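The values are calculated or read from the model by the stated rules, or taken from the named source; none is laboratory data. All values derive from a computational prediction rather than experimental measurement. All Cβ positions, even for glycine, are placed from backbone atoms using ideal geometry, and neighbour counts span all protein chains on display. Please note that ligands, DNA and RNA were not included when accessible areas were found on the heavy atoms of the full protein model with its side chains. Shrake-Rupley method; radii C 1.70, N 1.55, O 1.52, S 1.80 Å.
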Amino acid sequence: MNASSSRSVLLVISGSIAACKSPDILRLLKMADIQTRCVLTQGGAKFVTPSTLQTLSDSPVAMDLFPSHETESTMQHITLARWADLVLVCPASAHLLARMAHGLADDLASTLLLATTAPIIAVPAMNTHMWEHPATQHNVTTLKQRGVHIVPPAYGFMACGETGFGRMPEPSVIVDEVLTFFRTQKQKTGPLAGVKVLVTAGPTHEPLDPIRYIANRSSGKQGYAIAEAFADQGALVTLVSGPVTIPPPAGVRVILCETARDMHKAVMTTCPYDIAICTAAVADWRPETQENQKIKKPDTPKTNTSAPYSLTLVENPDILAELSHPSPLRPRLVIGFAAETENLIPHAQAKLHRKGCDWLIANDVSPAHQVMGGDHNKIFLLSRHDNKIEAWDTLPKTDIACRLVHHVLTCESAWRSSSK
Ligand code: C5P
């Protein structure tokens, strides 16, 4: 299932050296299922070729207000302006910002920026002195007052050899702005608008001393993908995450934590939620004591007859079981995960009933399946209320996430119509 293929971004590329990063932006937008088309100014074409942009956007690149080729329309500024859900001016040169601020229409880019009624995000990129010049600052203020969202330039070393503000932010930062825009819009109009969703993700680390901890191999990829898929449908998502290396998803509230007890506290202090999905591989136990200083080996060497080193573990709070417990604050749908290495279905069935959640997603995490840390997953969805078990094909974790959201939407509409 493709959650979001209806989103379209018109990328307007003007004459700044940062235009050479536009292929990366197109690639990331494509990975996020966003359709793109490009408009290239004469200046932009000095830094990036139309054929590169055409290949990555799967569409011809528009450059001329009055195209010489008879197959191209002289109304492109209107058709493109109407096609876009969002216009991304990136990089926005000082010249294009000035033309936008003054309402000039002397090329295709500036004309369609007057013609469009779509929201506009502009990403200025230029030499520090050009950026700081009162004329540019005045133009930026005018554009902001008109509702253009300006992504401020970053600080750093620039192609002109100077260091300061003026650098275009990294493509991932810009694409996050686009995703945040679409997700914020969906929070008003999407099928899950107004629905509060909790996702727990990643491992927990249970410290032994200041430098050692007990952990597991969870990467957090499945949970992060689920958080993004719910956000794409307009849910207000809170992602409570253990330590992972994945960047925080755009348009999602992220609470980072380390231990199971931190995660438990983060969940319980942010309740209530409408839907909870506990994907986190929470440590079931933690060391009974956490030493303030590094634990040292005894001075006397270990012999065959010495007592073995031992560690006393105590149980952690069970977040999923607590969320599932009947109470006025219980989410209307609680989904747990069961990561097993043997007897997958019997263990999952037992866990579903023991925890009291509504659905349980079982997956085999034996090393041979490469699920932990990998990009694919094979899941079985168990439902407590009708005892059904659905087997899903092996899919990318992002597709599992979209399918899960689709499943939730289907079930929610069935519940709504049966309760009428
Ligand atoms: O008991 P077990 O760890 O196998 O259960 C797995 C499920 O329970 C997952 O959904 C996990 O997020 C959740 N869990 C939890 N708190 C714990 C242990 C597990 O929420 N302390």
Practice item. As a check on your grasp of the helix formula, calculate [θ] at 222 nm for the chain: sum -39500 (n - 2.57) over DSSP H runs of n ≥ 4, divide by the residue count, round to the nearest 500. Key: -10000 deg cm²/dmol
Review point. Using a Gaussian network model of the chain with C-alpha springs under 10 Å, which one of ASP24, ASP106, ASP64 is most mobile by mean-square fluctuation?
Key: ASP106
Review point. Considering the chain as a Gaussian network with a 10 Å cut-off on Cα pairs, which listed residue, ILE78, ILE13, ILE361, attains the greatest mean-square fluctuation?
Key: ILE78
Review point. Mind checking the angle between helix 397-418 and the chain's longest principal axis? C-alpha axes, 0 to 90 degrees, to the nearest 10.
Key: 80
Check your understanding: Which distance in nm do the two modelled labels at ALA135 and ILE211 give, with both placed 7 Å along the Cα-to-Cβ direction?
Key -> 5.9
Exercise for review: Would you please state the base-10 log of I(q)/I(0) at q = 0.06, 0.11 1/Å for the chain, with intensities from the Debye formula using one equal scatterer on every alpha carbon?
Suggested key: -0.34, -0.91
Study note, to complete from the structure: Sparse-neighbourhood loop hits (trypsin sites (Lys or Arg not before Pro), the stretch 284-352; DSSP loop; Cβ within 10 Å at most 15 others) -> LYS294, LYS296, LYS302, ARG332
Check your understanding: Which of the aspartates and glutamates could a cross-linker span from LYS144 if the Cα-Cα distance has to be under 17 Å and same-chain partners fewer than 8 positions apart are dropped?
Key -> GLU132, GLU177
Study note, to complete from the structure: Ranked output for segments 209-216, 399-406, 47-54 by mean other Cβ atoms within 10 Å, highest leading, reads 399-406, 47-54, 209-216
**Study point:** 19 Å Cα-Cα reach of LYS294 towards aspartates and glutamates, excluding residues that sit fewer than 8 places from it in its own chain
**Key:** GLU206, ASP209, GLU258
**Study point:** Ranked by how many other beta carbons lie within 10 Å on average, peptides 83-91, 122-130 from highest
**Key:** 83-91, 122-130
Check your understanding: Any idea what the dipole of the chain comes to, in debye rounded to 20, about its Cα centre with Lys/Arg Cβ at +1 and Asp/Glu Cβ at -1?
Key -> 660
Check your understanding: Angle, helix 171-189 long axis vs. longest principal axis of the chain, Cα atoms, 0 to 90°, nearest 10?
Key -> 80
Check your understanding: lysines near LYS388 by alpha-carbon distance under 21 Å, same-chain residues fewer than 8 away left out - which ones?
Key -> LYS351, LYS355, LYS378
Practice item. Whole number in Å², please: accessible area per residue of the chain, 1.4 Å probe, ligands, DNA and RNA not counted. Key: 50
Review point. Under a plain spin-label model, where a point goes 7 Å from the Cα along Cα-to-Cβ, how far apart in nm are THR55 and SER68?
Key: 2.5
Practice item. Take the alpha-carbon centre of the stretch 198-263, take the same for the stretch 385-409, and report the distance between them in whole Å. Key: 20
Point to revise | Simple label model, 7 Å out from Cα along Cβ direction - LEU256 to THR189, nm | key: 3.5
Study note, to complete from the structure: In whole percent, the fraction of accessible protein surface over the chain that belongs to carbon or sulfur atoms, probe radius 1.4 Å, stands at 54
Revision key, fill the gap. In the stretch 321-420, taking the dipole from +1 charges on Lys and Arg beta carbons and -1 charges on Asp and Glu beta carbons about the Cα centre, the listed residue (LEU344, ALA401, ASN363) farthest towards the positive end is ALA401
**Study point:** Stretch gain in nm, segment GLU288-GLN370, where the contour uses 0.36 nm per residue and the Cα spacing is subtracted
**Key:** 26.4 nm
Review point. Along the charge dipole of the chain, which of LEU113, PRO317, GLY220 sits closest to the positive end, that is, farthest toward it, with unit charges on the beta carbon of Lys, Arg, Asp and Glu (+1, +1, -1, -1)?
Key: PRO317
Revision key, fill the gap. The size of the Cβ-based charge dipole (Lys, Arg +1; Asp, Glu -1) of the stretch 355-420 about the Cα centre, to the nearest 20 debye, is 240
Practice item. Highest first, please rank the peptides 383-396, 233-246, 184-197 by the mean number of other Cβ atoms sitting within 10 Å of their residues. Key: 233-246, 184-197, 383-396
Exercise for review: For the chain, find the longest principal axis of its Cα atoms and tell me its angle to the long axis of helix 260-270, 0 to 90°, nearest 10.
Suggested key: 60
Review point. Could you give the semi-axes, largest first, of the ellipsoid that matches the stretch 8-177, computed as the square roots of 5 times the alpha carbon gyration tensor eigenvalues and rounded to whole Å?
Key: 24, 18, 15
Practice item. May I ask what percent, to the nearest 5, of DSSP beta bridges between residues of the chain are antiparallel? Key: 30
Study note, to complete from the structure: Listed residues PRO287, PRO308, PRO248; largest mean-square fluctuation, Gaussian network over the chain with Cα springs below 10 Å, found at PRO308
Point to revise | Charge dipole magnitude, Cβ of K and R +1, D and E -1 - the stretch 8-177, Cα centre, debye nearest 20 | key: 200
Review point. Once the dipole of the chain is set up with Lys and Arg at +1 and Asp and Glu at -1 on Cβ about the Cα centre, which of HIS376, PHE47, PRO248 lies farthest towards its positive end?
Key: PRO248
